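Input: a single structure, listed below in structure tokens.
The values are calculated or read from the model by the stated rules, or taken from the named source; none is laboratory data. What you see is a predicted model, and the numbers here were worked out from it, not measured in a lab. Neighbour counts are summed over all protein chains in view; Cβ atoms, including those assigned to glycine, are modelled from backbone coordinates with ideal geometry. Just the protein is used for accessible areas: all its heavy atoms, side chains included, with ligands, DNA and RNA removed. Shrake-Rupley method; radii C 1.70, N 1.55, O 1.52, S 1.80 Å.
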Amino acid sequence: MDTTWSVLLSLALGLVVGGGFVALIHVAERRGTHAATVVNPSVPDGIAEVIDALESPAVVVDPSNNVLASSHAATTLGIVRQDTLVHPELVELVAKVRRTGAPIAEQLTLARSRFGEANILLDVRVARLGSRYVLLLGDDLTDSQRLDDVRRDFIANISHELKTPIASVGLLAEAIDMAADEPAQVRRFTHRLTQESARLARITQDIIDLSRLQSQNVLSEPDLVSVDEIVAAAVDQNRVVAESRDIALAVRNKSRAEVLGDESLLVMAVNNLIANAINYSLPGTRVGVGVKSADGAVEIAVTDQGVGIPEEDLDRVFERFFRVDEARSRNTGGTGLGLSIVKHAVQNHGGDVRVWSQSGRGSTFTIRLPEAPNDAVKAEKDPQ
């Protein structure tokens, strides 16, 4: 009898101990799953697919503000970089939604990148997504604002600059008519008429280019562009003119850097800087073009040994129609819009352009652009 009870007691004790172990294992498994969820969070089913399909900026962040999912527009507009919200204003909105639990809608003007003065106008809505996550949606209003600026500036540009060559063409045509019996005078006036018409064509084209730069967002569908190829193309466009003026073009070591944007616009910007450097350089000198990349930025520098820019004019060189030397600019065919075009092309890519110069010692113009993020480079090289 004692043996039977001992056996039953042992079995009962074994069942209790076994049940306890099973319970401990179950608890440990649940804790491990919870820990894995915290360490490796994921958005609810279907949310990532929806965000991928959106053309507007959209971001989902976890309690630590790690970006778990984002749309392509959020990356190209510079809102997300390396799985992090870039702008402190957006981080503050997310924190406020976490504190209050109430959705927020605000219109924000944000820097397009850490370079330059280019901004984006964003209509932002932030709300909770479940108990752990926060959803940020944006509507890019930059283009509508840009179009308003273009309409206003285009009219101002035409009234400011085109009236002079148009008046000159009219006066020269009258002069030719009055000098019809004097072949020498007719030839002289005809030559000047040809020059003025060519200048009118250049001004018109530059105004069109400038308006196009203001009216479009090149980062809405950007390409991965090699900076070395941009520089090579711009140098080739100016090589013949440089040789004709006995000016050497020197290109430094290749950088292998890449940026997101429009290759033709970036080539135009660098081409304008090189052409400007050649126009204001003396025979027997050289123009250098160098590229370097560091800390997520790519710099393209164009240096000449020309006449330089007076210190009091440095802050104005990127203004429309501003000319440091009015007479020299007209003799070289300048319209006063080249550097303004450079500025807008670079700003459209989230960058800036700077100038260093001293009278009689030359100038250096430096374009700075955000380097393409690693995930964009990888996606381009491995689309699958």
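Condition check ((1) part of a helix (DSSP H, G or I); (2) modelled with pLDDT of 85 or more) across all residues:
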{"site": "Ala277", "(1), (2)": "yes, yes"}
{"site": "Lys292", "(1), (2)": "no, yes"}
{"site": "Ile300", "(1), (2)": "no, yes"}
{"site": "Gly308", "(1), (2)": "no, yes"}
{"site": "Ala345", "(1), (2)": "yes, yes"}
{"site": "Arg354", "(1), (2)": "no, yes"}
{"site": "Ser363", "(1), (2)": "no, yes"}
{"site": "Pro383", "(1), (2)": "no, no"}
Here the residues within region 69-87 that are of a type in the set (Gly, Ala, Ser), in a loop (DSSP other than H, G, I, E, B) and at pLDDT 85 or above are Ser71
If only one of Gln237, Gln195 is modelled with pLDDT under 85 and open to solvent by 40 Å² or more (accessible area, probe 1.4 Å), which one is it? Gln195
Restricting to region 114-156, what's the tally of residues that are assigned to a strand (DSSP E or B), at pLDDT 80 or above and within 27 Å of Ile367 (Cα to Cα)? 4
Every residue in region 88-113 that is closer than 30 Å to Thr366 by Cα and not in a strand (DSSP E or B), please. Pro88, Glu89, Arg112, Ser113
Glu319 vs. criteria surrounded by fewer than 16 Cβ atoms within 10 Å (Cβ to Cβ), closer than 30 Å to Asp143 by Cα, modelled with pLDDT under 85 and not basic (Lys, Arg): yes
Which residues, taken from region 175-216, are farther than 14 Å from Leu162 by Cα, touching a residue at least 40 places away in the same chain (Cβ under 8 Å) and either part of a helix (DSSP H, G or I) or in contact with a strand residue (DSSP E or B) (Cβ under 6 Å, 6 or more places away or on another chain) (or both)? Asp209, Leu210, Ser211, Leu213, Gln214, Ser215
Hey, could you check region 55-67 for residues that are touching a residue at least 40 places away in the same chain (Cβ under 8 Å) and surrounded by fewer than 20 Cβ atoms within 10 Å (Cβ to Cβ) and say which is farthest from the chain's Cα centre (by Cα)? Pro63
Looking at Ser329, is it at pLDDT below 90 and in a strand (DSSP E or B)? no
Going by what's in this entry, would Ala232 be described as open to solvent by 30 Å² or more (accessible area, probe 1.4 Å), under 30 Å from Leu77 (Cβ atoms), more than 18 Å from the chain's Cα centre (by Cα) and not charged (D, E, K, R)? yes
May I ask you to list the residues in region 282-300 that are small (Gly, Ala, Ser) and open to solvent by 20 Å² or more (accessible area, probe 1.4 Å)? Gly284, Ser293, Ala294, Gly296
Within region 50-68, tally of residues that are closer than 15 Å to Ala127 by Cβ and in a strand (DSSP E or B): 4
